[in-house]
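Asks: The structure that follows is given in the form of structure tokens.
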Amino acid sequence: MSADVITRPAPRRSVWKTRKFLGPLALYLALVVLAIPFVYPLLWMVLSTFKPIAEIYGASNLFPNQWTLDALGKIFTVNPLLPQYWNSLYTSVVITAITVVFSAMAGYAFARLRFPHVNKVFFLVLSTMFLPVEVTIIPIFRWTAELGLLNTHWPLIIPMAFGPKLAIAVFIFRQFFLSLPRELEEAAMLDGMNRFSIFARIVMPLSGAPTATVVILTFLNAFNMYIEPLVFIRSPELLTVGIGLTRYQDQYGDPLYNAQLGATSLTVLPVLLVFLFAQRQFVESLSRVGLKG
Amino acid sequence: MGQHAGALPAAPRGASRRAMARREAALGIGMVAGPVLGALVFGVAPLLFIGWYSLNDWSPLAGKFDFVGLNNFVQLFGSSTFQTSLAVTGAFVVGVVITETIVALLLATLLNRRMRGIGLFRAAYFAPVVVAYVAWALVWDYLLASNGAVNTFLANFGIAGPDWLNSPSWALFSVILIVLFKGVGQNMVLFLAALQSVPSELLEAGEIDGASPFARFRAITFPLITPTVMMVLILTTVGALNIFVPIQLLTHGGPGNATNVISYYLYEVAFKQQEFGLGSAIGIVLFVIVLLLTLGQWSLRKRWVHDER
């Protein structure tokens, strides 16, 4: 999977010779029309935060006819969005940190160190990669209940940090380490450095690309976690932000559309901003491995 | 891990070499311990446990956990809801895989050229990939409501749009569309990378020989990108089988069972009806489907794929 190819500019002389068939203007027009279902929902989401509730349905205008800041106050009061945001943020950071440390170490060992049954052990780890969370969540739910850890963040953090997603990260690091030339490490070994120091001081500083991939994949995955908090968490202030978004109702149970869309925008916009600034990293990382579902 | 442990300037021999090999093995085992234990505890063990649970009538509400053999499976395959769920899952997965692959290939082909602003369009098509699924689904819930923005827009042209997510004939189609726009950007960048690695000399030669653009794609480009096509097919299939958020959020498997895919049905049976034994049996079926499809596609890959990278 050659991620580096993405950044390479397309060949100068386009053999497709579109010009013959449709002018560049028509092409731009097609690209713009195709972009509507991808971009319109996001713009609509942000701008509808400033619409009165009556304007959300029965209208297709993007900009509010009547601007209002009504929703802004309710975003943090109707539902404890701030604690939920913090829960999502800190659990994602912890999961990402655990994943990077353990997958880099294991990836290096699988790529370079000799120990008994190395390939069988690697296959065991790898074979859990495609295991759906819906399959594993029933036993994990039972163990969590037996340990008295329901309605805590433990069942959100530990299974995701050490489960099938970790296997994917191990795979990413192993593939990268296999592609590194061995000469540097051999030189360091002759200098008397031990294997772990070689890994920590020589190999890791060269591993920015796979580290970025694993960080982006893991963080997005953890931040967007949904079924786990739905199953394990009851208290609103312990929920993560994804489930929190579904809890926007007034005291009569009527949905507060604009506040919900505001909260949703606040969840999505930081990620989108980081994406826009680090577009290349994101595209390369997410094109390397699947992040679906 | 002590630093410079066993640091010897000269190459060690005999006994000390064996000691070094032992140290390397110990270090290796220590470094892989976390993921290996993780795979055992959160991968292998849950699989064995749902295998065991699926043979029991386990309902915490009734306070029972009784061995019933294969009864859950007999009950499952005899139930019309489950049969419908399998059919819906099949239709959903096929729909998502076909549309995502074709649209991704189309977008990648359009973007595979040097033009001002092409990066902007790539970012636009890719943006939903990084957006939380719950946010994406929530927004489309608004847009596709019977009096939502989409139908209001269509009304301008005198078209009365359906109640997209609540109509038995449109609900599955609507969910497929939502999933398509969410995920197609990822497949698009995979295809874009593959297309850019197709040597332009080959395409030029085809052009000189008078091959039409479609013929060039079929005879030159497509065979060269089959490894990527295969990868996209596997990733999209597994992703579609795991679908949960849009179903739970938008349709709850309804109307009727029109969108009751197996991954959602499992959640409904286990965590809503509290029938964990039956839910585990569904989990086993889901696991077997994922396993068979993955193995099937891998073996297909051997025969079909042009060049193994």
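Asks: Mind listing whichever residues of the stretch B:218-238 are touching an Asp or Glu at 6+ places or on another chain (Cβ under 9 Å) and not aliphatic (A, V, I, L, M)?
Replies: If the condition is that a residue be touching an Asp or Glu at 6+ places or on another chain (Cβ under 9 Å) and not aliphatic (A, V, I, L, M), then B:223, B:226, B:227, B:236 are the ones that fit.
Asks: Considering each of B:95, B:51 in turn, give the residue that is in contact with a helix residue (DSSP H, G or I) (Cβ under 9 Å, 6 or more places away or on another chain), buried (at least 17 other Cβ atoms within 10 Å of the Cβ) and not polar (S, T, N, Q).
Replies: B:95
Asks: Inside the stretch B:63-107, can you point out the residues that are under 23 Å from residue B:285 (Cβ atoms) and within 14 Å of chain A (Cβ to nearest Cβ)?
Replies: B:65, B:72, B:85, B:89, B:92, B:93, B:96, B:97
Asks: Among what's in the stretch A:14-40 and is in a loop (DSSP other than H, G, I, E, B) and within 7 Å of chain B (Cβ to nearest Cβ), pick the residue that is modelled with the lowest pLDDT.
Replies: A:15
Asks: Of the conditions (1) modelled with pLDDT of 90 or more; (2) crowded, with 18+ Cβ neighbours inside 10 Å, residue A:215 fails just one. Which one is it?
Replies: It fails just one condition, (2).
Asks: Say whether the condition of being in a loop (DSSP other than H, G, I, E, B), under 23 Å from residue A:100 (Cα atoms) and more than 9 Å from chain B (Cβ to nearest Cβ) is met by at least one residue in the stretch A:181-204.
Replies: Yes, the stretch A:181-204 contains a residue that is in a loop (DSSP other than H, G, I, E, B), under 23 Å from residue A:100 (Cα atoms) and more than 9 Å from chain B (Cβ to nearest Cβ).
Asks: Quick one: which residue in A:221, A:258 is part of a helix (DSSP H, G or I), within 11 Å of another protein chain (Cβ to nearest Cβ) and under 19 Å from residue A:82 (Cα atoms)? Break it down stepwise before answering.
Replies: Numbers: A:221 fails: under 19 Å from residue A:82 (Cα atoms).
Sole residue among the options that is part of a helix (DSSP H, G or I), within 11 Å of another protein chain (Cβ to nearest Cβ) and under 19 Å from residue A:82 (Cα atoms): A:258.
Asks: A follow-up question, please. Looking at the stretch A:156-167, is at least one residue outside any helix (DSSP H, G or I), farther than 23 Å from residue B:245 by Cα and not charged (D, E, K, R)?
Replies: No; the residues of the stretch A:156-167 include none that is outside any helix (DSSP H, G or I), farther than 23 Å from residue B:245 by Cα and not charged (D, E, K, R).
The rows are residues; the columns are (1) within 9 Å of another protein chain (Cβ to nearest Cβ); (2) of a type in the set (A, V, I, L, M, F, W, C); (3) surrounded by 22 or more Cβ atoms within 10 Å (Cβ to Cβ).
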site	(1), (2), (3)
B:144	no, yes, yes
B:157	no, yes, no
B:160	no, yes, no
B:165	no, yes, yes
B:170	no, yes, no
B:200	yes, no, no
B:219	no, yes, no
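Asks: Please find, among B:80, B:16, the residue that is modelled with pLDDT under 85 and either farther than 27 Å from residue A:144 by Cα or of a type in the set (A, V, I, L, M) (or both).
Replies: Going through B:80, B:16 in turn, the sole match is B:16.
Asks: Does residue B:256 qualify as being at pLDDT 85 or above, surrounded by fewer than 21 Cβ atoms within 10 Å (Cβ to Cβ), among the small types (Gly, Ala, Ser) and at positive phi? Steps first, please.
Replies: Numbers: at pLDDT 85 or above: yes; surrounded by fewer than 21 Cβ atoms within 10 Å (Cβ to Cβ): yes; among the small types (Gly, Ala, Ser): yes; at positive phi: yes.
Considered against the rule, which asks whether it is at pLDDT 85 or above, surrounded by fewer than 21 Cβ atoms within 10 Å (Cβ to Cβ), among the small types (Gly, Ala, Ser) and at positive phi, residue B:256 comes out as yes.
Every residue, every condition in (1) more than 30 Å from residue B:60 (Cβ to Cβ); (2) modelled with pLDDT of 90 or more, yes or no:
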| site | (1), (2) |
| --- | --- |
| A:130 | no, no |
| A:185 | yes, no |
| A:198 | yes, yes |
| A:211 | yes, yes |
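Asks: If you don't mind, there's one more thing I want to ask. Any idea which of (1) in contact with a Pro (Cβ under 9 Å, 6 or more places away or on another chain); (2) at pLDDT 90 or above; (3) more than 8 Å from every other protein chain (Cβ to nearest Cβ); (4) more than 27 Å from residue A:102 (Cα to Cα) is the one residue A:234 doesn't satisfy?
Replies: With respect to (1) in contact with a Pro (Cβ under 9 Å, 6 or more places away or on another chain); (2) at pLDDT 90 or above; (3) more than 8 Å from every other protein chain (Cβ to nearest Cβ); (4) more than 27 Å from residue A:102 (Cα to Cα), residue A:234 is out only on (1).
Asks: Let me ask something additional. Does residue A:47 satisfy the criteria of being more than 7 Å from chain B (Cβ to nearest Cβ) and either crowded, with 17+ Cβ neighbours inside 10 Å or not in a loop (DSSP other than H, G, I, E, B) (or both)?
Replies: Numbers: more than 7 Å from chain B (Cβ to nearest Cβ): yes; either crowded, with 17+ Cβ neighbours inside 10 Å or not in a loop (DSSP other than H, G, I, E, B) (or both): yes.
Yes.
Asks: Of the residues A:242, A:208, only one is within 30 Å of the chain's Cα centre (by Cα) and free of Cβ contacts under 8 Å to residues at least 12 places away in the same chain; which?
Replies: A:208
Asks: Continuing with this model, one more query. Please give the helices (runs of 4 or more DSSP H) falling wholly within the stretch B:146-228 in which 2 or more residues are in contact (Cβ under 8 Å) with a residue 60 or more places away in the chain.
Replies: Numbers: elements: B:149-155, B:171-196, B:200-208, B:213-216.
Filter on the stretch B:146-228 gives B:171-196.
Asks: A follow-up question, please. Could you list, in sequence order, all residues of the stretch A:58-67 that are at pLDDT 85 or above and surrounded by 14 or more Cβ atoms within 10 Å (Cβ to Cβ)?
Replies: A:64
Condition check ((1) under 19 Å from residue A:168 (Cα atoms); (2) hydroxyl-bearing (Ser, Thr, Tyr); (3) touching a Ser or Thr at 6+ places or on another chain (Cβ under 8 Å)) across all residues:
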site: A:199; (1), (2), (3): no, no, no
site: A:202; (1), (2), (3): no, no, no
site: A:216; (1), (2), (3): yes, no, yes
site: A:219; (1), (2), (3): yes, no, yes
site: A:232; (1), (2), (3): no, no, yes
site: A:235; (1), (2), (3): no, yes, no
site: A:250; (1), (2), (3): no, no, no
site: A:256; (1), (2), (3): no, no, no
site: A:262; (1), (2), (3): no, no, yes
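Asks: Is there a residue in the stretch B:50-60 that is within 30 Å of residue A:166 (Cβ to Cβ), hydrophobic (A, V, I, L, M, F, W, C), within 23 Å of the chain's Cα centre (by Cα) and modelled with pLDDT of 95 or more?
Replies: Taking every residue of the stretch B:50-60 in turn, none turns out to be within 30 Å of residue A:166 (Cβ to Cβ), hydrophobic (A, V, I, L, M, F, W, C), within 23 Å of the chain's Cα centre (by Cα) and modelled with pLDDT of 95 or more.
Asks: From the set of residues in the stretch A:102-116 that are facing chain B (nearest Cβ under 8 Å) and aliphatic (A, V, I, L, M), which is surrounded by the most Cβ atoms within 10 Å (Cβ to Cβ)?
Replies: A:109
Asks: Would you confirm, using the coordinates I've provided, whether residue A:170 is within 20 Å of the chain's Cα centre (by Cα), within 9 Å of another protein chain (Cβ to nearest Cβ) and in a helix (DSSP H, G or I)?
Replies: Spelling it out, residue A:170 is indeed within 20 Å of the chain's Cα centre (by Cα), within 9 Å of another protein chain (Cβ to nearest Cβ) and in a helix (DSSP H, G or I).
Asks: Moving to a separate point now. Which of the numbered conditions does residue B:269 fail, given that it passes all the others? Conditions: (1) under 18 Å from the mean Cα position of the chain (by Cα); (2) within 25 Å of residue B:73 (Cβ to Cβ).
Replies: Among (1) under 18 Å from the mean Cα position of the chain (by Cα); (2) within 25 Å of residue B:73 (Cβ to Cβ), the lone unmet condition for residue B:269 is (1).
Asks: Picking from B:185, B:206, B:210, B:161, which residue would you name as being under 24 Å from residue A:282 (Cα atoms) and not hydrophobic (A, V, I, L, M, F, W, C)?
Replies: On the way: B:206 fails: under 24 Å from residue A:282 (Cα atoms); B:210 fails: under 24 Å from residue A:282 (Cα atoms); B:161 fails: under 24 Å from residue A:282 (Cα atoms).
Selected residue: B:185, the only one of B:185, B:206, B:210, B:161 that is under 24 Å from residue A:282 (Cα atoms) and not hydrophobic (A, V, I, L, M, F, W, C).
Asks: Here's something else I'd like to know. Can you pull out every residue in the stretch B:108-135 that is among the hydroxyl-bearing types (Ser, Thr, Tyr) and within 7 Å of chain A (Cβ to nearest Cβ)?
Replies: B:125, B:133
Asks: Sticking with this structure for a sec: So for the stretch B:231-247 (the condition being more than 18 Å from the chain's Cα centre (by Cα), at the interface with chain A (Cβ under 10 Å from one of its Cβ atoms) and in a helix (DSSP H, G or I)), does at least one residue qualify?
Replies: Checking the stretch B:231-247: not a single residue is more than 18 Å from the chain's Cα centre (by Cα), at the interface with chain A (Cβ under 10 Å from one of its Cβ atoms) and in a helix (DSSP H, G or I).
The values are calculated or read from the model by the stated rules, or taken from the named source; none is laboratory data. Owing to the predicted nature of the structure, the values given are computational and were not obtained by experimental measurement. Because the Cβ atoms are built from the backbone with ideal geometry, glycine has one as well, and the counts that use them run over all protein chains shown.
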